[in-house]
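The values are calculated or read from the model by the stated rules, or taken from the named source; none is laboratory data. None of these values were measured; they are calculated from a predicted model. Reconstructed Cβ throughout: ideal geometry from the backbone, glycine too, with neighbour counts over all protein chains shown. Note: areas computed on protein heavy atoms with side chains; ligands, DNA, RNA excluded. Shrake-Rupley method; radii C 1.70, N 1.55, O 1.52, S 1.80 Å.
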Amino acid sequence: MKMCKVPSRSGQFLAHNLTLLKFLLLLLALAVSLSLVIHHYLANLSTAGDFQPDPHRTRLIDGLPGDPDSELPHARPASGSRQQEIEELRRIKASVSNELRQLENRRLHLQADITDYAGKIDALKAEHGVLNKEVSQIRVSLEHIRFEQEERRLHAPNIRAPHRILRTVDPQEPLDMPGSAHHCRMESCFDFSRCSLVSGFPVFLYDPHRYALPGHPVTPGVASAVLSYLSRSSYRTEDAASACLFVLVLGETSAGSAPPSAGDVEDMLLGLPHWAGDGRNHLLLTLASSLATADLLTGVATGRAMVAQPFFTDTAYRPGFDLVIPPNFGPSVREGMWRHLPQISPVRRKLLLSYLGEYSPLHSQHPPSDHRLQPHDFPDNSPRGGKVAGRRPLSAIDSSLLSSQTYFSHIEQAIVASLKSFQVSYQGSVDVDLSCGQFGRALTTPADWSLCDSASARRDRTIGSTFSLILLPLNASLESTLAFQTRLYEALNYGAIPVILGSHGLLPFAEVLRWESAAVVLPTPRVTEIPFFLQSFPDEAVSSLRLQGRHFFLNYLSSTESVLDTVLATLRSRLQIPPVTAREEPAPTAFPPGFVPLKYEGPEPEPESDEVLGPAETPFPSEAFRHNYSTSSVLDPFNSLGDPFTLYPYTPFEPVLPSEAKFKGSSFGFRPINRGAGGDGKDFSIALGGNTAREQFTVVMLTYDREVVLLQALQRFKGLPFLNKVLVVWNGEGPPSEDLRWPDIGVPIKVVKTRKNSLNNRFLPYEAIETEAVLSIDDDAHLRHDEIVFGFRVWREERTRVVGFPGRFHAWDVRHQSWNYNSNYSCELSMVLTGAAFFHKYYAYQYSYVMPQAIRDKVDEYMNCEDIAMNFLVAHITRKPPVKVTSRWTFRCPGCPSTLSSNSSHFEERHRCINFFSQVYGYMPLLYTQYRVDSVLFKTRISHDKTKCFKYI
């Protein structure tokens with residue numbers, strides 16, 4: 001069916017005004033013509049009526065009354081009719097003059113009207129262009145609305161943040177015990193009915209001061225750290241009936257004291273008010289804060305309770321149920337631990353490998369009953385000794401021919417011989433001492449390698465080594481000992497890469513941590529080839545291992561807070577319960593209560609161009625919490641740089657669908673260009689396309705006492721496609737002036753009052769930000785609409801990175817051996833200024849809650865460097881440089897009263913910031929890039945019937 005084209009209202013009005021204008025112009029032409037004719041006629045008549053002594057006219061005027069010449073003798077009487085004619089003509093002349101003056105006035109008025117109408121016509125033309133553009137955007141919007149209605153019909157709404165459902169009764173039903181307590185697994189020994197997927201993982205803590213073994217109390221430091229941690233934890237509950245997990249912190253044995261009997265420990269456990277006869281859903285936690293700590297649960301029937309401690313034997317450890325944790329040698333919280341860690345560089349240290357330890361033979365001592373060696377403890381393919389030569393691995397040995405003592409002695413001799421040969425062959429790069437000698441033994445366990453010397457002496461040796469050798473106990477039944485866990489803790493603490501010899505050891509939190517990315521694990525027969533193997537590692541591999549080891553240490557091992565975070569996160573992951581949701585920052589209004597801001601009613605700014613950059617949409621939020629239960633499956637949060645202990649509404653690392661999926665049932669939210677057929681600029685401007693669903697962005701603008709500049713900046717956002725809202729972060733001391741008139745830009749403008757004047761406020765994760773994409777922009781940064789839309793489209797493809805306009809870079813100062821901040825034009829950059837840049841809201845959470853507090857404190861100290869800090873953070877997490885778009889390098893604001901960058905100390909502070917931030921991270925995370933991004937068809941010759949993606953980009 002053909003559609004009739006109905007003239008628009010603005011078109012009818014324009015046609016009417018054009019007709020009126022033609023009529024007025026015709027009338028003016030007639031008036032001017034008439035006045036000229038009359039003027040010409042009167043001029044001739046006036047000349048003819050004047051008296052002249054013309055001989056042809058003398059007789060006509062002779063004898064006129066009052067004329068002195070009438071007394072001449074030849075004069076005749078004057079005619080009265082001639083006098084009347086003259087008077088009439090004079091009267092006509094006066095009348096015509098008046099009419100001419102009136103016509104001139106009228107002409108001037110008409111000319112003013114014409115000028116006024118011409119201005120109105122120009123305004124109407126401009127309005128027509130705006131309305132034309134709006135109509136085009138509305139047509140596109142209608143098409144999108146049709147898509148949305150179809151999507152809502154076909155797709156159910158996605159899940160949101162889980163609502164907490166708790167169990168209201170405390171069941172005491174008996175559960176069938178497995179055949180043996182050693183066979184306990186989560187499915188057979190844990191009561192899942194207490195831990196709904198939406199329970200929130202409530203944890204009940206037994207008071208460590210009240211529930212403790214007589215003579216073996218929890219040390220005051222540990223008890224205080226645990227209570228402090230759980231007091232601020234979102235998981236803790238005082239309601240035991242609704243608890244999913246019950247935590248009991250066990251005490252420690254002091255040096256020289258005997259451990260309690262198994263019966264005493266069991267009596268204490270049975271006396272716990274929520275033990276329920278078998279310890280279901282209980283966690284027995286030993287935080288070993290000294291080398292004297294012993295296993296208090298040796299020979300104890302722990303029932304269905306899980307055990308978390310640094311030491312286990314093969315007969316005591318229940319895989320997938322118990323937890324191996326590191327010793328608790330660090331402070332109570334992780335904040336500030338970076339000060340005690342060495343830098344990542346230089347990658348190669350003075351020593352390639354170091355080791356200090358001494359083997360403790362069995363002699364006549366035997367491990368406790370549940371540690372007692374059995375024939376099956378020794379595998380058929382145990383290592384066998386022989387002549388150690390060159391780089392050949394050890395051969396096999398039939399252990400059935402050897403007694404336990406002979407077996408251990410043989411392996412010990414082979415290892416010692418190989419390590420001693422390294423000392424000779426790799427003199428100066430390998431430091432191996434296999435006897436504690438004068439240093440003394442700090443910790444000794446039979447069939448294990450003793451820990452020698454003091455902690456400070458071990459630190460001095462380890463911190464100078466690229467790799468640190470860790471020998472597992474020769475007794476394979478000792479799967480984890482305090483000496484082994486201490487060596488691992490110290491190696492990571494001092495920046496040495498652990499080289500673990502032996503494959504039967506239990507590494508801490510191995511259930512969630514991929515230790516192969518932070519440590520080197522070799523089977524014992526490879527002992528003869530260790531130096532050769534390690535020398536083959538390039539610097540990039542060494543640096544990667546050390547960086548991941550630093551990440552593991554800081555987040556999971558370094559403090560009581562780190563250990564408890566990881567213990568609870570591991571158990572929660574087993575139960576498929578999502579972590580606590582990220583905290584949103586409140587966004588209180590900067591206006592007084594009850595105040596209604598005034599609206600701007602002046603002329604609207606003219607559009608920058610008639611280019612349609614996208615549909616006119618109503619604001620809608622990004623879909624949040626889509627990965628409540630799939631985060632650990634698709635993102636591997638524990639092994640990635642970032643925060644694994646919090647559930648975020650969205651992250652920039654979520655996987656993308658294959659291209660064909662959006663056309664085969666997974667189309668929700670997608671807007672393919674020309675329905676997937678592609679196209680030129682016209683089709684491109686209608687849909688977002690790309691690899692992710694449609695979305696919008698939020699502008700966050702930081703301002704301080706520049707009200708006029710702010711209002712001008714806000715007005716420029718009118719009609720900007722894909723804009724969700726504008727958040728003005730008001731850093732001023734008082735509220736905005738009451739007489740300010742705020743423009744209507746088509747989306748909400750929210751003015752947020754901050755607690756203090758801080759540049760860190762720019763990156764707070766405000767609850768008012770409902771989109772993944774955030775455009776951080778200064779009030780004095782003037783970007784065209786096409787530049788903003790292009791930057792947004794680029795960011796959608798580079799969600800993990802900062803995408804912005806002005807570029808900067810870090811430069812090495814050879815003279816001072818330090819970093820400098822550089823803003824000169826360069827073919828290489830490593831930062832983009834966040835005064836005009838897109839980033840993911842996830843990084844706002846990381847910046848405000850996870851990034852070391854020392855960096856935010858430095859930003860407040862200098863009132864500077866927040867943009868550098870954000871670039872550092874994103875580069876650290878992603879190990880990628882930022883993305884620069886368009887040719888913009890800087891912004892000018894001639895009318896601005898003052899700027900922070902105009903301060904003479906601005907650049908000197910930024911030099912210091914860069915060096916301080918690299919100290920905090922332990923390395924320089926910024927990476928260089930040598931390209932910028934422009935539109936696909938930029939400078940491409942295309943046919944006249946095609947349009948480019950952007951006219952000017």
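Numbers for the structure displayed
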{"item": "Flag for G689 being at pLDDT below 95, more than 22 Å from F620 (Cβ to Cβ) and part of a loop (DSSP other than H, G, I, E, B)", "result": "no"}
{"item": "Number of positions in segment 643-663 that are modelled with pLDDT of 90 or more and farther than 28 Å from Y845 by Cβ", "result": "5"}
{"item": "Test: residue in segment 644-656 that is open to solvent by less than 40 Å² (accessible area, probe 1.4 Å) and among the polar types (S, T, N, Q)", "result": "yes"}
{"item": "Selection count, segment 118-134, where residues are free of Cβ contacts under 8 Å to residues at least 12 places away in the same chain, of a type in the set (A, V, I, L, M, F, W, C) and either open to solvent by 50 Å² or more (accessible area, probe 1.4 Å) or on the phi > 0 side of the Ramachandran plot (or both)", "result": "1"}
{"item": "Matching option when the condition is crowded, with 21+ Cβ neighbours inside 10 Å, touching an Asp or Glu at 6+ places or on another chain (Cβ under 8 Å) and under 18 Å from I777 (Cα atoms), among V883, V874", "result": "V883"}
{"item": "Hey, R888 closer than 21 Å to D780 by Cβ, open to solvent by 20 Å² or more (accessible area, probe 1.4 Å) and either at pLDDT 95 or above or not in a helix (DSSP H, G or I) (or both) or not", "result": "yes"}
{"item": "Residue match in segment 327-348 (condition: crowded, with 18+ Cβ neighbours inside 10 Å, within 39 Å of the chain's Cα centre (by Cα), at pLDDT 95 or above and under 20 Å from L571 (Cβ atoms))", "result": "yes"}
{"item": "Which listed residue is in a loop (DSSP other than H, G, I, E, B) and at pLDDT 95 or above, from F552, F509, F533", "result": "F509"}
{"item": "Some residue of segment 903-911 being farther than 23 Å from L341 by Cα, at pLDDT 95 or above, not acidic (D, E) and not in a helix (DSSP H, G or I)", "result": "no"}
{"item": "Flag if G357 is at pLDDT below 95 and surrounded by fewer than 17 Cβ atoms within 10 Å (Cβ to Cβ)", "result": "no"}
{"item": "Where T929 falls short, out of the listed (1) touching a strand residue (DSSP E or B) at 6+ places or on another chain (Cβ under 9 Å); (2) modelled with pLDDT under 95; (3) of a type in the set (S, T, Y)", "result": "(2)"}
{"item": "Residue match in segment 93-113 (condition: closer than 30 Å to P615 by Cα and open to solvent by 90 Å² or more (accessible area, probe 1.4 Å))", "result": "no"}
{"item": "Segment 941-953 residues that are open to solvent by 70 Å² or more (accessible area, probe 1.4 Å), paired with ones that are basic (K, R) (beta carbon under 9 Å, 6 or more apart)", "result": "K946/K682; Y952/R784"}
{"item": "Hits in segment 824-847 - residues which are without any contact (Cβ under 8 Å) to a residue 60 or more places away in the chain and within 14 Å of I868 (Cβ to Cβ)", "result": "V832, L833, G835"}
{"item": "Where A781 falls short, out of the listed (1) assigned to a loop (DSSP other than H, G, I, E, B); (2) open to solvent by less than 10 Å² (accessible area, probe 1.4 Å); (3) closer than 21 Å to R912 by Cβ", "result": "(3)"}
{"item": "Candidate set: segment 621-640, residues that are open to solvent by less than 40 Å² (accessible area, probe 1.4 Å) and of a type in the set (A, V, I, L, M, F, W, C); chosen: the one farthest from T566 (Cα to Cα)", "result": "A624"}
{"item": "Segment 818-835, subset polar (S, T, N, Q), at pLDDT 95 or above and in a loop (DSSP other than H, G, I, E, B), residue surrounded by the fewest Cβ atoms within 10 Å (Cβ to Cβ)", "result": "S830"}
{"item": "Residue check, E617 touching a His at 6+ places or on another chain (Cβ under 7 Å) and surrounded by fewer than 17 Cβ atoms within 10 Å (Cβ to Cβ)", "result": "no"}
{"item": "Criterion (buried (at least 23 other Cβ atoms within 10 Å of the Cβ), touching a Ser or Thr at 6+ places or on another chain (Cβ under 7 Å) and assigned to a helix (DSSP H, G or I)) met by exactly one of D867, D860", "result": "D867"}
{"item": "Test: residue in segment 572-590 that is crowded, with 21+ Cβ neighbours inside 10 Å and in a helix (DSSP H, G or I)", "result": "yes"}
{"item": "Restricting segment 913-925 to residues that are in a loop (DSSP other than H, G, I, E, B) and open to solvent by 10 Å² or more (accessible area, probe 1.4 Å), the residue that is farthest from D867 (Cα to Cα)", "result": "Y923"}
{"item": "Of all residues in segment 450-475 being under 10 Å from L356 (Cβ atoms) and not polar (S, T, N, Q), the one that is most open to solvent (accessible area, probe 1.4 Å)", "result": "R461"}
{"item": "Members of segment 784-817 found to be in contact (Cβ under 8 Å) with a residue 60 or more places away in the chain, assigned to a loop (DSSP other than H, G, I, E, B) and not basic (K, R), listed by number", "result": "E798, T800, V802, F805, P806"}
{"item": "Count - residues of segment 450-482 that are closer than 22 Å to H340 by Cα and not in a strand (DSSP E or B)", "result": "12"}
{"item": "In segment 591-607, the residues that are open to solvent by 100 Å² or more (accessible area, probe 1.4 Å) and either touching a Gly at 6+ places or on another chain (Cβ under 7 Å) or part of a loop (DSSP other than H, G, I, E, B) (or both)", "result": "P593, V596, E601, P603, E604, E606"}
{"item": "Hey, V802 open to solvent by 10 Å² or more (accessible area, probe 1.4 Å) and hydrophobic (A, V, I, L, M, F, W, C) or not", "result": "no"}
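Residues checked against (1) surrounded by 19 or more Cβ atoms within 10 Å (Cβ to Cβ); (2) under 27 Å from S454 (Cα atoms); (3) touching an Asp or Glu at 6+ places or on another chain (Cβ under 8 Å); (4) among the hydroxyl-bearing types (S, T, Y):
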position	(1), (2), (3), (4)
P214	no, no, yes, no
P220	no, yes, no, no
R232	no, no, no, no
R236	no, no, no, no
A240	no, no, yes, no
E252	yes, yes, no, no
D264	no, no, no, no
G277	no, no, no, no
L283	yes, no, no, no
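Condition check ((1) in contact (Cβ under 8 Å) with a residue 24 or more places away in the chain; (2) out of contact with any Leu (no Cβ under 6 Å at 6 or more places or on another chain)) across all residues:
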position: Y494; (1), (2): yes, yes
position: L507; (1), (2): yes, yes
position: R514; (1), (2): yes, yes
position: V520; (1), (2): yes, yes
position: P525; (1), (2): yes, no
position: I530; (1), (2): yes, yes
position: F533; (1), (2): no, yes
position: A541; (1), (2): no, yes
